[in-house]
Amino acid sequence: MIAMHEDASVSFNLVMELKDSRYRYWFTDFIVSPYERDRYANYVPVAGKNYPLEKGSTKLNEQDYKGYLTMVTANCRDVGTMLKSYMQFKAAPQKDKKKNAVVPKEW
């Protein structure tokens with residue numbers, strides 16, 4: 001059996017804008033920090049090696065890069081669905097406006 005271990009971490013920024021009964025969000029600045037095994041057999045981040053995910057195709061091997069993209073995409077979708085469930089806004093009930101009917105006698 002193959003033991004699974006962390007081989008990198010991906011950090012990002014989440015930008016949210018809220019206004020009245022609306023919101024929008026996006027993820028930016030994906031940074032990949034590869035891990036290596038230290039002398040105590042623990043996996044720790046490699047010092048000084050942080051790669052932007054968009055440049056990961058040149059810095060990382062192709063299989064790892066595609067795996068990171070797949071995991072980041074899945075995790076961003078999960079965070080998006082969680083945000084959508086938390087950000088359900090209830091619209092304020094609108095008051096019935098009286099329509100000013102045109103009275104032909106006052107013309």
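The values are calculated or read from the model by the stated rules, or taken from the named source; none is laboratory data. Bear in mind the structure is a predicted one, so any value in this text is a computation, not a measurement. All accessible areas refer to the heavy atoms of the entire protein, side chains included, with ligands and DNA or RNA removed. Shrake-Rupley method; radii C 1.70, N 1.55, O 1.52, S 1.80 Å.
Out of the total accessible area of the range 1-45 (probe 1.4 Å, heavy atoms of protein only), what percent is carbon and sulfur?
After summing per-atom areas, the C and S share lands at 53 percent.
Show the residues, 5+ positions off or on another chain, whose built amide H is closer than 5 Å to the amide H of Glu36.
Val44, Val46
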